[in-house]
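J.: If you scroll down you'll find the structure; I have some questions about it.
What follows draws every value from the coordinates through simple rules; no lab data is involved. Just so it is clear, the structure is predicted and the values come from calculations on it, not from any experiment. Cβ sites come from the backbone with ideal geometry, for glycine too, and all protein chains shown count toward neighbours.
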Amino acid sequence: MKLEIAEPVDGVVNVALIGRLDTPGVDKIETKLTASLVPRGARAIVDLSQVEFAGSLAIRMFITIAKALARNNGKLVLYAPQPLLQQVFETASLNDIVPIRADAATAAALARG
Amino acid sequence: MDAHSLELSFPGTLVGFEEAFTQLRGALDNADLSPGTRYNVELVFEEIVANIVRHGCQPDRKVIVSVTLEVGRESVILTFCDDGVPFDPRDRIDPPPAKSLEEAPIGGRGLMFVRHAATAFDYCRTSDQHNRFVVTLACAR
């Protein structure tokens, strides 16, 4: 699992996740992702287009970070999940909890909002 | 490695989990499953083994996990055995759907995914003190 964090553009941090968000994958990135976003109250968008797999631990990670960001005047928006990930997210009704958008532009607009 | 069956035995640790998952995915590469079915097999493996590693292990001794994969024409059967603390997954209730970030529980969704993916699942505590959990998934064609 790889994590790429870009410099903010118009106040929004774009994060790309690459690989598998299974238990080992989440374990590899969760601490760094949290530390990169939460202390600064980031408005962040997360590119999921290159994530091949996600389970409940990934959802737990996103909800935890989103809650911490909300307390810090930040926001988390996910975007471009692959179809099989989207089905998992729908099973969990994740979009009612952490917004999911189709692309970076709409995700960034929501994060800025 | 047989495209239709696989037996794994590994320690209930993060390293053991990762290595076993790699072996499972290698077996699935050789099985003729649709992408959706394959994803569900991996998801069930992920959720059950993660539960064992996170909750089933005991501080004073290693837990050993055994997983059997059987791929048939109509279904895939995953059988999980572990010698950790007793745990009947049928007792767990799915978290209620949350309508906002504020009210959403952080976790507790793993078994919900297993129930959603499976056409059948069964659990027993064996006479030699193992948890045995059998999950059947339909093969989408």
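J.: Pull out all pairs, ordered by first then second residue, where Cβ-Cβ is under 6 Å, the residues are six or more apart or on different chains, the first lies in the stretch B:50-69 and is under 20 Å from A:Leu21 (Cβ atoms) and touching a residue at least 12 places away in the same chain (Cβ under 8 Å), and the second is aromatic (Phe, Trp, Tyr) and in a helix (DSSP H, G or I).
T.: B:Val53/B:Phe17
J.: Still on this structure, I have one more. Keeping to the stretch A:64-99, report how many residues are within 11 Å of the chain's Cα centre (by Cα), within 13 Å of chain B (Cβ to nearest Cβ) and surrounded by 19 or more Cβ atoms within 10 Å (Cβ to Cβ).
T.: Step one: filter the stretch A:64-99 for residues within 11 Å of the chain's Cα centre (by Cα), giving A:64-66, A:75-81, A:98-99.
The next check asks that each one be within 13 Å of chain B (Cβ to nearest Cβ); those that pass are A:64-66, A:75-78, A:81, A:98-99.
Narrowing the set further to residues that are surrounded by 19 or more Cβ atoms within 10 Å (Cβ to Cβ) leaves A:65-66, A:75-78, A:81, A:98-99.
Total meeting the criteria: 9.
J.: Which residues, taken from the stretch B:34-55, are more than 8 Å from chain A (Cβ to nearest Cβ) and either surrounded by 19 or more Cβ atoms within 10 Å (Cβ to Cβ) or at positive phi (or both)?
T.: Those that are more than 8 Å from chain A (Cβ to nearest Cβ) and either surrounded by 19 or more Cβ atoms within 10 Å (Cβ to Cβ) or at positive phi (or both): B:Thr37, B:Arg38, B:Asn40, B:Val41, B:Val44, B:Phe45, B:Ile48, B:Asn51, B:Ile52.
Residues checked against (1) under 21 Å from A:Pro24 (Cα atoms); (2) of a type in the set (A, V, I, L, M):
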{"residue": "B:Val44", "(1), (2)": "yes, yes"}
{"residue": "B:Glu47", "(1), (2)": "yes, no"}
{"residue": "B:Gly56", "(1), (2)": "yes, no"}
{"residue": "B:Asp122", "(1), (2)": "no, no"}
{"residue": "B:Thr126", "(1), (2)": "no, no"}
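J.: The conditions are (1) part of a loop (DSSP other than H, G, I, E, B); (2) surrounded by 14 or more Cβ atoms within 10 Å (Cβ to Cβ), and B:Arg73 fails exactly one of them. Which is it?
T.: Among (1) part of a loop (DSSP other than H, G, I, E, B); (2) surrounded by 14 or more Cβ atoms within 10 Å (Cβ to Cβ), the lone unmet condition for B:Arg73 is (2).
J.: Now, a different point. Does B:Arg25 qualify as being of a type in the set (Lys, Arg) and either within 13 Å of chain A (Cβ to nearest Cβ) or surrounded by 12 or more Cβ atoms within 10 Å (Cβ to Cβ) (or both)?
T.: yes
J.: Taking the stretch B:81-118 as the search range and keeping residues that are more than 14 Å from chain A (Cβ to nearest Cβ), assigned to a loop (DSSP other than H, G, I, E, B) and among the acidic types (Asp, Glu), which one is surrounded by the fewest Cβ atoms within 10 Å (Cβ to Cβ)?
T.: Restricting to residues being more than 14 Å from chain A (Cβ to nearest Cβ), assigned to a loop (DSSP other than H, G, I, E, B) and among the acidic types (Asp, Glu), the top hit is B:Asp88.
J.: Now for a separate question. All but one of (1) of a type in the set (Asp, Glu); (2) outside any helix (DSSP H, G or I); (3) surrounded by fewer than 20 Cβ atoms within 10 Å (Cβ to Cβ) hold for A:Asp27; which doesn't?
T.: (2)
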